[in-house]
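The values are calculated or read from the model by the stated rules, or taken from the named source; none is laboratory data. Being a predicted model, the structure only gives us computed values, none of them experimental. Neighbour counts are summed over all protein chains in view; Cβ atoms, including those assigned to glycine, are modelled from backbone coordinates with ideal geometry.
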Amino acid sequence: RKEVEQDPGPFNVPEGATVAFNCTYSNSASQSFFWYRQDCRKEPKLLMSVYSSGNEDGRFTAQLNRASQYISLLIRDSKLSDSATYLCVVIVGGSGNTGKLIFGQGTTLQVKP
Amino acid sequence: ETGVTQTPRHLVMGMTNKKSLKCEQHLGHNAMYWYKQSAKKPLELMFVYSLEERVENNSVPSRFSPECPNSSHLFLHLHTLQPEDSALYLCASSQDPGRETQYFGPGTRLLVL
């Protein structure tokens, strides 16, 4: 079983749609969780952290379910510029400066006009 | 953004060649990383350096040899590579090892013939 698993997609949605991505992780000792975004032929960049209580950043909402070992990212009112691959990232091992980042394969989103 | 730079951006090499990839970070970070990104696969962590000392080597074949002469520079020396080593090689840095906010360079797209 992969340590971090995502549906690769692609998810094709019209502008203005709401879309949700899920991610599951296998290590119950995982400490921290994040979403990165990677545009086509570019490097990954941190999008947002995922907190236990859920958190929102504009049109983006991230949620964590530790019991089910599951993370989600919701994008409301999709824009063409949201088209990218969204990488689920988990820190395993220690926290702070001893943990290791594990990346999921990524979920590709294509927003159509 | 020029926080993390990588050269060359593209590289084609034969299986008997020796080449080096270079990464430089201008962020004052203490940790640097090499990742491999193959099509349809998650990012694979190859090496981690903290304050110029290698702290992790994820069972990478010896045909890949990292070098970290100082905290701002990281090299990946390549020799006798195989076609399956063709991938995008990404360098990243973070303030300390295991921190979620890793800043990636643009990558070197490598093709081994």
Next on the checklist: Conditions first: (1) assigned to a strand (DSSP E or B); (2) buried (at least 19 other Cβ atoms within 10 Å of the Cβ); (3) facing another protein chain (nearest Cβ under 10 Å). A:GLN105 passes all but one, so which condition is the exception?
Outcome noted: (1)
Item to check | Subset of segment B:40-64 (residues that are among the polar types (S, T, N, Q) and surrounded by fewer than 12 Cβ atoms within 10 Å (Cβ to Cβ)) | outcome: B:SER59, B:SER62
Checklist entry - What do you reckon, is A:GLN110 away from chain B (no Cβ under 13 Å) and either at pLDDT 90 or above or not in a loop (DSSP other than H, G, I, E, B) (or both)? => result yes
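Regarding B:VAL48, is this residue within 25 Å of B:THR101 (Cα to Cα), more than 14 Å from the chain's Cα centre (by Cα), of a type in the set (A, V, I, L, M) and within 13 Å of chain A (Cβ to nearest Cβ)?
Against the criterion (within 25 Å of B:THR101 (Cα to Cα), more than 14 Å from the chain's Cα centre (by Cα), of a type in the set (A, V, I, L, M) and within 13 Å of chain A (Cβ to nearest Cβ)), B:VAL48 does not qualify.
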Item to check | Hey, B:CYS23 assigned to a strand (DSSP E or B) and within 12 Å of chain A (Cβ to nearest Cβ) or not | outcome: yes
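Residues being of a type outside the set (Phe, Trp, Tyr), touching a strand residue (DSSP E or B) at 6+ places or on another chain (Cβ under 7 Å) and in contact (Cβ under 8 Å) with a residue 24 or more places away in the chain: count how many of those fall in segment A:58-100.
First, the residues of segment A:58-100 that are of a type outside the set (Phe, Trp, Tyr): A:58-59, A:61-69, A:71-85, A:87-100.
Cutting the leftovers down to touching a strand residue (DSSP E or B) at 6+ places or on another chain (Cβ under 7 Å) gives us A:59, A:61-64, A:69, A:71-75, A:78-80, A:82-85, A:87-93, A:95, A:99-100.
If we keep only those that are in contact (Cβ under 8 Å) with a residue 24 or more places away in the chain as well, we get A:62, A:64, A:69, A:71-75, A:78-80, A:82-85, A:87-93, A:95, A:99.
Number of matching residues: 24.
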Checklist entry - What about B:LYS36, is it buried (at least 19 other Cβ atoms within 10 Å of the Cβ) and either within 26 Å of A:THR108 (Cβ to Cβ) or not hydrophobic (A, V, I, L, M, F, W, C) (or both)? => result yes
Next on the checklist: If I filter segment B:65-95 down to residues being closer than 28 Å to A:THR107 by Cα and either in a loop (DSSP other than H, G, I, E, B) or of a type in the set (Val, Ile, Thr) (or both), which single residue comes out as modelled with the lowest pLDDT?
Outcome noted: B:GLN95
Item to check | segment B:26-41, residues that are more than 12 Å from chain A (Cβ to nearest Cβ), of a type in the set (A, V, I, L, M, F, W, C) and assigned to a loop (DSSP other than H, G, I, E, B) | outcome: B:LEU27
Next on the checklist: Restricting to segment B:65-77, name every residue that is under 11 Å from the mean Cα position of the chain (by Cα), surrounded by 17 or more Cβ atoms within 10 Å (Cβ to Cβ) and farther than 14 Å from B:LEU90 by Cα.
Outcome noted: B:CYS68
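Return the residue satisfying two criteria in turn: it lies in segment A:60-69 and is part of a strand (DSSP E or B) and of a type outside the set (Phe, Trp, Tyr), and of such residues it is nearest to the chain's Cα centre (by Cα).
Selected residue: A:ALA62.
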Checklist entry - Restricting the search to segment A:11-39, which residues are within 25 Å of A:PRO113 (Cα to Cα), surrounded by fewer than 20 Cβ atoms within 10 Å (Cβ to Cβ) and more than 12 Å from chain B (Cβ to nearest Cβ)? => result A:PHE11, A:ASN12, A:VAL13, A:PRO14, A:GLU15, A:GLY16, A:ALA17, A:THR18, A:VAL19, A:ALA20, A:ASN22
Checklist entry - Is it the case that some residue within segment B:51-64 is touching a Cys at 6+ places or on another chain (Cβ under 8 Å), more than 14 Å from chain A (Cβ to nearest Cβ) and either farther than 20 Å from A:GLY99 by Cβ or not in a strand (DSSP E or B) (or both)? => result yes
Checklist entry - How many residues does segment A:65-88 contain that are facing another protein chain (nearest Cβ under 10 Å) and at pLDDT below 95? => result 0
Checklist entry - In this structure, is A:ALA29 more than 23 Å from B:GLN37 (Cβ to Cβ), modelled with pLDDT of 95 or more and not acidic (Asp, Glu)? => result no
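Modelled with pLDDT of 95 or more and within 14 Å of chain B (Cβ to nearest Cβ), is that true of A:THR61?
So A:THR61 fails the test.
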